[in-house]
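The values are calculated or read from the model by the stated rules, or taken from the named source; none is laboratory data. Not measured: the values here are computed from a predicted model. Heads up, the Cβs are rebuilt from the backbone with ideal geometry, glycines too, and the neighbour counts pull from every protein chain shown.
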Amino acid sequence: MYKNSDMSIGKRIREARTEAGLSQKQLATKAGVSQSAISQLETGESQAASSTASMAAALGVNALWLESGKGPKRADTYTGEERRAENRSDKLTEDSPYAHFNAGPNLELRPGRYVAIVGIGQGGPDGYISIDDYPSGQGDGRIYTYSPDPDAYAIRVRGDSMRPRIKSGEYIVAEPGVEAQPGDDVVVKLRNDKAMVKELLWVRDGEISFGSINDSVPPITLQLQDIICIHRVAAIVPRGSALIQPY
């Protein structure tokens, strides 16, 4: 199993970029980040990347490896036995929020990683939210998660429109790569530049129905063509949680 946690994130990015035959500019375009952000990481001027998942996807490497040097370099080299060995509680590292718990040698956990807090979702009385994205490399920090989705991200919630389910100051972890099912909470982005956090009710005949997560507004039914994306909510993280790492 490829494992090198002593190498900096910048060196891992440069190594993977060179192997992929990409220039900094090409990687920036594929990952949706600025070339200067990649340059600062590779030269060591910056040690924190807010778009590790997108860079890992562009480079064809494991996001966990790119972020921390742990695990296999490429996801397809992770065998079942290696995953079980990596998951055992006696392998928990100091950077895991659960490392100080005496969980016992038989507990198995999926390897965790940090996902970026990419913006703020301000709730409104009409059931919609406005999502203000942070500039690349800036923001509240990142959240430790066990999501299998390499593109998972987090949003900080402001306002009381989603109480008591989601309180102001809490965080939503969303998974773009995991298909949402009826009954799941979801982040919905619409073509009219609006967004919602709703419960997915049903999908049929080119329509999707969403319900309020706290019954404050009636259900809404939309045409599929009016929706840009639906991202499943994987977790709600309270403010002050040990899972949150500020920049």
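Okay, here's what the table says:
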item	result
Residue in the range 211-219 that is touching a residue at least 60 places away in the same chain (Cβ under 8 Å) and either in contact with a Ser or Thr (Cβ under 6 Å, 6 or more places away or on another chain) or over 17 Å from Gly124 (Cβ atoms) (or both) present	no
Output for the range 121-165, where each listed residue is at pLDDT 85 or above and touching a Phe, Trp or Tyr at 6+ places or on another chain (Cβ under 8 Å)	Gly141, Arg142, Ile143, Tyr144, Thr145, Ala154, Ile155, Arg156, Val157
Residue count, the range 199-224 (criterion: part of a loop (DSSP other than H, G, I, E, B) and either surrounded by 12 or more Cβ atoms within 10 Å (Cβ to Cβ) or among the hydroxyl-bearing types (Ser, Thr, Tyr) (or both))	6
Selection from the range 25-70 of residues that are of a type in the set (A, V, I, L, M), part of a loop (DSSP other than H, G, I, E, B) and modelled with pLDDT under 80	Val33, Ala48, Ala49
Test: residue in the range 225-238 that is in a loop (DSSP other than H, G, I, E, B) and either surrounded by 14 or more Cβ atoms within 10 Å (Cβ to Cβ) or not assigned by TED's automatic domain parsing to the domain that holds Asn62 (or both)	yes
Which listed residue is out of contact with any helix residue (DSSP H, G or I) (no Cβ under 8 Å at 6 or more places or on another chain), free of Cβ contacts under 8 Å to residues at least 40 places away in the same chain and of a type outside the set (D, E, K, R), from Tyr146, Tyr171	Tyr146
Any chance Ser168 is surrounded by fewer than 20 Cβ atoms within 10 Å (Cβ to Cβ), of a type in the set (Ser, Thr, Tyr) and in a loop (DSSP other than H, G, I, E, B)	yes
